[in-house]
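The values are calculated or read from the model by the stated rules, or taken from the named source; none is laboratory data. Bear in mind that the values here come from a model prediction, so they are computed numbers and not experimental data. Methodologically, a virtual Cβ is constructed for each residue, glycine included, from the backbone with ideal geometry; neighbour enumeration extends over all protein chains shown.
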Amino acid sequence: MIRYLFNKMLLAFQKRYNYDIRYQQEILNNDVGAFLKFMGFQTLSSHAGNMPAGPLFAARLRAIIREDCGPCTQLVVDMALEAKLSRDNVRAIIESDLHQLPEDMALVVEFTDLVLAHKPEAENLRQKIIAIWGHKGLIAIAYGISSYRVYPALKYTLGYGQACQHINVGDITLAPHQPPNQPTTKSVKQGDELC
């Protein structure tokens with residue numbers, strides 16, 4: 001019975017966003033306990049704190065683009081538009097076009113890209129974020145950045161990842177802008193610190 005109810009919820013989500021829910025159904029069908037934990041994770045990823053929708057979706061979109069340029073990104077675009085972000089702002093976030101964004105959203109786009117690249121320059125922007133929204137705002141951004149990266153990883157791990165696709169923002173079709181790839185491996189000498 002619990003599987004039936006959760007599956008109805010998933011099917012409603014699929015219909016609302018035209019999003020492939022098969023990976024969630026696989027979790028539900030094989031391990032209800034794991035699915036319940038996944039639902040708890042949903043609570044973390046939806047945390048907004050005191051953040052306005054624009055900067056919050058700036059973090060979420062830049063984070064998910066880093067991991068997936070397909071259906072997950074389209075889902076977050078649709079959610080951003082549903083939250084009343086303008087098409088122009090969503091487009092500028094996807095393209096990392098800081099000059100076309102309001103200052104607060106540009107700040108979060110730049111900060112998110114620096115954080116994901118593990119760049120020390122993020123520290124100055126972190127302090128600006130704290131000055132504007134306080135530590136609660138920084139936590140909401142941190143939850144957005146970290147949790148939105150999980151969904152593509154989960155999908156790819158379970159075999160439901162997809163190759164890049166264009167993203168639709170209203171009647172505009174875009175290819176997501178990803179920052180230059182950072183080296184994923186490096187030689188490690190004895191005494192080097194690992195993060």
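Which condition breaks for Lys128 when tested against (1) more than 18 Å from Gly170 (Cβ to Cβ); (2) in contact with a helix residue (DSSP H, G or I) (Cβ under 8 Å, 6 or more places away or on another chain); (3) touching a residue at least 40 places away in the same chain (Cβ under 8 Å); (4) assigned to a helix (DSSP H, G or I)? With (1) more than 18 Å from Gly170 (Cβ to Cβ); (2) in contact with a helix residue (DSSP H, G or I) (Cβ under 8 Å, 6 or more places away or on another chain); (3) touching a residue at least 40 places away in the same chain (Cβ under 8 Å); (4) assigned to a helix (DSSP H, G or I) applied to Lys128, the lone miss is (3). Name the residues in segment 62-97 that are of a type in the set (Ser, Thr, Tyr) and within 19 Å of Tyr143 (Cβ to Cβ), would you? Thr73 - this is the single residue of segment 62-97 that is of a type in the set (Ser, Thr, Tyr) and within 19 Å of Tyr143 (Cβ to Cβ). Considering (1) within 16 Å of Thr173 (Cβ to Cβ); (2) crowded, with 21+ Cβ neighbours inside 10 Å; (3) more than 16 Å from the chain's Cα centre (by Cα), the lone condition that Ile93 does not fulfil carries the number (3).
Comparison of Glu193, Glu110, Glu123 shows that the only residue that is surrounded by fewer than 14 Cβ atoms within 10 Å (Cβ to Cβ) and modelled with pLDDT of 95 or more is Glu123.
Listed here are the residues, each with its yes/no results for (1) over 15 Å from Tyr151 (Cα atoms); (2) over 19 Å from the mean Cα position of the chain (by Cα); (3) hydrophobic (A, V, I, L, M, F, W, C).
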{"residue": "Tyr4", "(1), (2), (3)": "yes, yes, no"}
{"residue": "Lys15", "(1), (2), (3)": "yes, yes, no"}
{"residue": "Asn18", "(1), (2), (3)": "yes, no, no"}
{"residue": "Gln24", "(1), (2), (3)": "no, no, no"}
{"residue": "Val32", "(1), (2), (3)": "yes, yes, yes"}
{"residue": "Met39", "(1), (2), (3)": "no, no, yes"}
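Segment 18-77 holds helices (runs of 4 or more DSSP H) entirely within its bounds, and those carrying 2 or more residues that are crowded, with 19+ Cβ neighbours inside 10 Å map to 22-30, 53-67.
If you check Lys136 against the conditions, is it at pLDDT 90 or above and over 18 Å from the mean Cα position of the chain (by Cα)? Judged against the criteria, Lys136 is a match.
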